[in-house]
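In what follows, a single structure is set out as structure tokens and then discussed.
Taken together, the values in this text are just the output of simple stated rules run on the coordinates, not laboratory data. The model shown is predicted, which means the values in this text are computed figures rather than measured ones. A quick note on method: Cβ atoms are made from the backbone with ideal geometry, for glycine too, and the neighbour counts reach across all protein chains shown.
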Amino acid sequence: MVEKSKLDEDKEGKAVDSSHYRSMIGTLLYLTASRPDLQFAICMCARYQAQPTKKHLHAVKRIFRYLRGTINRGLWYLKDSSIALTAFVDTNHTGRQDTRRSTSGSLQFLGDRLISWSSKRQKNATISSTKAEYIALSGCCATILWMRSQLTNYGLGFNKIPMYCDNKSAIALCCNNVQHSRSKHIDIIYHFIKEHVENGVIKLYFVNTKYQLADLFTKALGRERIEFLINKLGM
């Protein structure tokens, strides 16, 4: 996708064959299991399968053209990789043009190797970037806890699992037990991350936006930025 481009419903656009559009999306969705660099673009296009227009079809064709030039790209897993859980979390606040909802992006490493990633639209619109990041942190925390429980069955124990976020306010909110008036509107289901931070299971760190690897799963980026992040992911 073009840098900073944002798809919308395009209600006045020319309609295209929805059956053909859905078949193209279905084909691309198989690739998200091994091509994290495609995750955001494919998920964005998949949201408009009900009434696709030429604008949406053009975006899908751009993905296929990108694939043709990067057909040999993929993830590599070496047997001598270290074993340590690490996570990165990011959001694109109000990135959705038509609903103004935010997009959460996260990825998890086992050692130096990427093992899990996601790009999801948040359920509700948020009034601040702090709340959007806080919700994303809670979602990533749930994924990390599941991975931790699975690895425990193999005799591997993890504590103070590092999670990297580029929003200092969200980190402060997770580490502070006091409920402020500015945060009392946040649904209680997202506050469970505080307990795991207090218990030492999760350790939050600030990371500069330049090195925020989850940026790849929240917005359309330029070529240089994509290449930089892909190299960091080990592709």
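Give me Rg over Rh for segment 18-69, both radii from the alpha carbons and Rh done the Kirkwood way, two decimal places. Don't skip to the end; give the middle numbers.
Working: Rg = 10.1 Å, Rh = 10.9 Å.
We get a ratio of 0.93 for segment 18-69.
Past 30 Å, Cα to Cα: identify those pairs from Lys79/Lys123; Lys55/Lys168; Lys55/Lys123; Lys61/Lys168; Lys14/Lys120; Lys6/Lys194, in the order given.
Details: Lys79/Lys123 39 Å; Lys55/Lys168 37 Å; Lys55/Lys123 25 Å; Lys61/Lys168 38 Å; Lys14/Lys120 27 Å; Lys6/Lys194 33 Å.
Those over the limit are Lys79/Lys123; Lys55/Lys168; Lys61/Lys168; Lys6/Lys194.
For the pair Arg225 and Leu151, how long in nm is the line joining their label points, each one 7 Å along Cα→Cβ?
3.0
Measure nothing fancy, just the Cα-based angle from helix 54-69's long axis to the longest principal axis of the chain, in degrees from 0 to 90, nearest 10.
Around 70 degrees separate the two axes.
Find me the longest stretch of the chain that has none of the exposed GluC sites (Glu not before Pro), where exposed means in a DSSP loop (not H, G, I, E or B) with at most 15 other Cβ atoms within 10 Å.
Formally, the longest exposed-site-free interval is 13-235.
What's the longest bit of the chain with no exposed chymotrypsin sites (Phe, Trp or Tyr not before Pro), using DSSP loop states and at most 11 other Cβ atoms within 10 Å as the test?
The answer is 155-235.
Given a cut-off of under 8 Å on Cα pairs at least six residues apart, what relative contact order in percent is computed for the chain?
Working: 361 pairs, mean separation 55.2, N = 235.
With pairs under 8 Å counted, the relative contact order is 23 percent.
What 222 nm value per residue comes from the helices of the chain, counting each DSSP H run with n ≥ 4 as -39,500 (n - 2.57) and dividing by all residues, nearest 500 deg cm²/dmol?
Details: 7 runs with 86 residues, N = 235.
When only DSSP H runs of four or more count, the value is -11500 deg cm²/dmol.
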